[in-house]
Structure formats: C-alpha cells, structure tokens
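Visitor: Structure incoming, see below.
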Amino acid sequence: MHELSIAVQIAEIITEEAAKAEALTVTKVILEIGSLSGIEADAIELAVPEAFRNTICENAAVEYQYIKARAVCESCCNEFDPIDHYKICPFCNSLYTSFLKGKELNIKSFDIVKP
C-alpha cells in the first residue's frame, strides 16, 4: 500500500509549511487526486488519518477532490475521457494524444490557525 507513504509525505509537507507560517494547528486540508494517478481512493482515505496522527494536522478535516481524466488528440483536436493510460483517440484513432488532467496528486490548500 504505497498510499500510506504518500500520505506520510503529504503530512510532512503540510507540517513543514504550517511551521513556516507559525501555525498552531491545521483545520482543513484539500487534496486533488486524478483518476489515473495510481492512487486508490479507499486506501488514501484510510492512510491520511493515520499519517496525520500526532501531527499538527491531526484534527484537520480532509476533503478529497477526485479529478476525472481528460485527454486531447493532437491530430484532430478533439477532447475525450480516456479509460486508462493507453489513450487512443476515439474520433480519429490517432495515437498522438496527451492528458489534460487526471494524473494529479496535489495538496490544493490547507487552512491554519495562527496565534
């Protein structure tokens, strides 16, 4: 379960940034997770509270924003929803496609309380 190590890294990043801002606590965290990021929703939602335990983030409300994958064909310029990493254009069958979104794993924001 690599989601636990990812959740630990998320906690470390937030803790470091909150310390720079001289925060007392983190009250809310918003995470963006793409459907093709390789992150399992159930696993990350179990891992984050464990990673946040005994940190400044421990009591933070966590919001998960799941982003559906979207790709564009470089040949015909049509956008489409890819099912997986193999993204052939459903309009012209071109292999010249690229992702617009869906591979994200971002800390979108977090709210803090300062003294």
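Visitor: In what sequence, highest mean first, do 35-46, 11-22 appear when ranked by Cβ atoms within 10 angstrom?
Guide: Working: 35-46: 15.9, 11-22: 14.2.
My ranking of the peptides, most packed first, is 35-46, 11-22.
Visitor: What is the helix-to-structure angle for 2-20, meaning the angle in degrees between its Cα long axis and the longest Cα principal axis of the chain, kept from 0 to 90 and rounded to the nearest 10?
Guide: So the inclination is approximately 50 degrees.
Visitor: Same structure again: So how tilted is helix 41-52 from the main axis of the chain? Cα-based, degrees 0 to 90, rounded to 10.
Guide: Between the helix axis and the principal axis of the chain, the angle is about 20 degrees.
Visitor: When only Cα pairs under 8 Å and 6 or more residues apart are kept, what is the percent relative contact order across the stretch 15-115? Please list the in-between numbers first.
Guide: Numbers: 190 pairs, mean separation 43.0, N = 101.
Reported relative contact order: 43 percent.
Visitor: Over 11 Å, how big is the tail of the calculated P(r) for the stretch 19-64, in percent of all Cα pairs?
Guide: On the way: 731 of 1035 pairs.
The calculated P(r) of the stretch 19-64 puts 71 percent of pairs beyond 11 Å.
Visitor: Could you list which residues have their amide H under 5 Å from that of THR25, counting only those 5 or more apart in sequence or on another chain, with H placed in the peptide plane?
Guide: VAL113
Visitor: Please report the equivalent ellipsoid semi-axes of the stretch 1-104, computed as sqrt(5 x eigenvalue) of the Cα gyration tensor, largest first, in whole Å.
Guide: Numbers: eigenvalues 255, 36, 19 Å².
With the √(5λ) rule applied to the stretch 1-104, the semi-axes are 36, 13, 10 Å.
Visitor: If contacts are Cα pairs under 8 angstrom and at least 6 residues apart, what is the relative contact order of the stretch 62-115 in percent? Can you show the working numbers first?
Guide: Values: 70 pairs, mean separation 18.9, N = 54.
Dividing the mean separation by the residue count of the stretch 62-115 yields 35 percent.
We did not get these values from a lab; they are worked out from the coordinates using the rules stated. What you see is a predicted model, and the numbers here were worked out from it, not measured in a lab. Methodologically, a virtual Cβ is constructed for each residue, glycine included, from the backbone with ideal geometry; neighbour enumeration extends over all protein chains shown.
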